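Take a look at the structure below.
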Amino acid sequence: MNSNHRKTITRRRLIHYSLSTGALLGVSSIFPSLLMAGSQAAAIEHPIHHPQKYTDKGRCPNCGMMLNMWARTRHEFSNSEGSHTTCSPRCLADMSKNSGETPNNIKVALYLHPEKMVAADKAFYVIGSSAKGTMTMKSKVAFLTEEEAKNFVSEYGGTLVDYTTALTAATKELAASRMKIEGKRKKKGEIVEPTSENRCLVCGMYPARFPKHRAQVSMADGSHQHFCSNQCLVHFMADQKKYLKIPEKVKSIWVTVYPDGGYEYAMGLYYLVGSNIMGPMGKEALPYRLKSDADSAAEEHGGSVIHFRALNPSKVMTP
């Protein structure tokens, strides 16, 4: 049997497999999602680039990726801070660890039918198949039935597990994955290290000289704006017109985790404001990964802990 014939069989199996789950997608939505691939790679389009809409939610609150593109691995859950939709079990695990809360009402998208979500504890997960991972090198994808998951394992490898095992695995990978994710973001140009010549757009200081506080935004036009501190970042976000002749849409916001270092997506962190810990410009919004760390710092140094969406110049500058 030649390789082209094997590929044809693989595609036929996947088409039959996708249609056998009880939720027919229609020819127009099936065929765009199939890629020419051998039996060693899952022939599924992930991330999704075709125009079909699977979710109305915008970006993952933890990493900033577009949820419709990564719809096959998205998860929904709730905690005391509200309801959330993440791009992956990895971001669900990250948000749970950062907040210190066990997630409730967890739902997961079905890998082959991303328009559908089911209770995560009723789903069957496959870890480590040749399916493309989301925010991890070891993919974790969910199926409606055990038979469906086993068929996928026989075709694309991996291990069949339950939700609890999948979340535990995602949690264990967090520390090791952070540097890899930051490196990938820099390689793709999503994050650009400030040079010795770059000046803070707000105050004119050099962000490269303040590695514990520097921040940046990537703009829709492909440019990056650098800041020496989160204080300056917040002032810029409050009123671009003061600092840019032609305001531009902000694509992503990156801040330096305090005191660990390393860039992280701004929305997923906890910010200490009003403390006696000063930054390059004095009063500062200090981003912590763990809420418990931010709360401990507030007890020791004063101030309060808030999310990025609640930040404004007044919150940062008020003693």
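Just so you know, all these numbers are worked out from the coordinates, no wet-lab data involved. On a predicted model such as this, the values are computed, not experimentally measured, just so you know. Here Cβ is always computed from backbone atoms with ideal geometry, including for glycine, and neighbour counts include all displayed protein chains.
Along its principal axes, the stretch 189-317 has C-alpha extents of 41, 26, 24 angstrom, given from the largest down.
Note on THR318 and ILE246: the model spin-label points, each 7 Å out from Cα along the C-beta direction, lie 3.8 nm apart.
By how many nm would the segment from ASP239 to GLU81 grow when fully extended, if each residue of separation counts as 0.36 nm and the alpha-carbon distance is taken off?
Details: separation 158, 0.36 × 158 = 56.88 nm, distance 2.72 nm.
Gain on extension, ASP239 to GLU81, equals 54.2 nm.
When the charge dipole of the chain is built from unit charges on Cβ atoms (+1 for Lys and Arg, -1 for Asp and Glu) and taken about the Cα centre, the candidate among SER296, PRO247, CYS228 whose Cα reaches farthest toward its positive end is PRO247. Scanning the chain for trypsin sites (Lys or Arg not before Pro) that sit in a DSSP loop and have at most 13 other Cβ atoms within 10 Å, the longest stretch containing none of them is 54-187.
For the chain, the longest piece that avoids every one of the GluC sites (Glu not before Pro) found in DSSP loops with at most 16 other C-beta atoms within 10 Å covers 116-196.
Please give the helix 163-172 orientation as an angle from the longest Cα principal axis of the chain, in degrees from 0 to 90, rounded to the nearest 10. Roughly 40 degrees, rounded to the nearest 10. Residues of the stretch 292-319 with an amide N closer than 18 Å to a point placed 7 Å from the Cα of CYS203 along the Cα-to-Cβ direction: 312-319. Put the Cα centre of the stretch 61-84 next to the Cα centre of the stretch 256-319 and the gap is 23 Å. The calculated FRET efficiency for LYS172 paired with HIS50, based on their beta-carbon distance and R0 = 35 Å, is about 0.55.
Relative to the longest principal axis of the Cα atoms of the chain, helix 174-187 runs at roughly 80 degrees. Each of ALA149, ILE181, LEU160 was scored by the projection of its Cα onto the charge dipole of the stretch 140-181, and the greatest displacement toward the positive side belongs to ILE181; charges sit on the C-beta of Lys, Arg, Asp and Glu. Size descriptors for the stretch 145-258: radius of gyration and Dmax over Cα atoms are 20.4, 61 Å.
Over every Cα atom in the stretch 46-177, the radius of gyration and the widest Cα-Cα span, Dmax, amount to 13.5, 40 Å. Amide H to amide H, with H built 1.01 Å from N, GLY279 comes under 5 Å of GLU284, counting only residues 5 or more places away or on other chains.
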